[in-house]
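The values are calculated or read from the model by the stated rules, or taken from the named source; none is laboratory data. If you're wondering where the values come from, they're calculated on a predicted model, not measured in any experiment. Cβ atoms come from the backbone with ideal geometry, glycine included; neighbour counts cover every protein chain shown. Surface areas here come from the heavy atoms of the whole protein model, side chains and all, with no ligands, DNA or RNA. Shrake-Rupley method; radii C 1.70, N 1.55, O 1.52, S 1.80 Å.
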Amino acid sequence: SGRNFERIQRLVVPGQPLESSLLVNPLAEEAGGSHWHAGGKHWTTQDASEWQTLARWVEGATGGAGR
């Protein structure tokens with residue numbers, strides 16, 4: 001878990017969902033995603049409930065290990 005958390009932290013810009021690779025890479029280009037991500041698109045819109053859940057987490061992230 002700790003190692004996974006450390007890896008994910010590098011993909012998140014606290015408070016900035018649209019600057020965070022965790023959210024931008026798997027998002028369709030039409031919805032603001034990156035065209036560089038070749039691992040497949042998981043969300044076609046920022047309105048997807050899973051995307052929204054992660055975006056709220058990123059918005060509240062402070063970069064501390066306690067989050």
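General observations
- Scanning region 9-51 for residues that are in a helix (DSSP H, G or I) and open to solvent by 60 Å² or more (accessible area, probe 1.4 Å) turns up Q9, L18, E19, E29, E30, S49, E50.
- Residues that are in contact with a Ser or Thr (Cβ under 9 Å, 6 or more places away or on another chain) and under 13 Å from G60 (Cα atoms), drawn from region 6-32: V12, V13, P14, G15
- Scanning region 16-42 for residues that are on the phi < 0 side of the Ramachandran plot and over 13 Å from the mean Cα position of the chain (by Cα) turns up E29, E30, A31, H35, W36, A38, G39.
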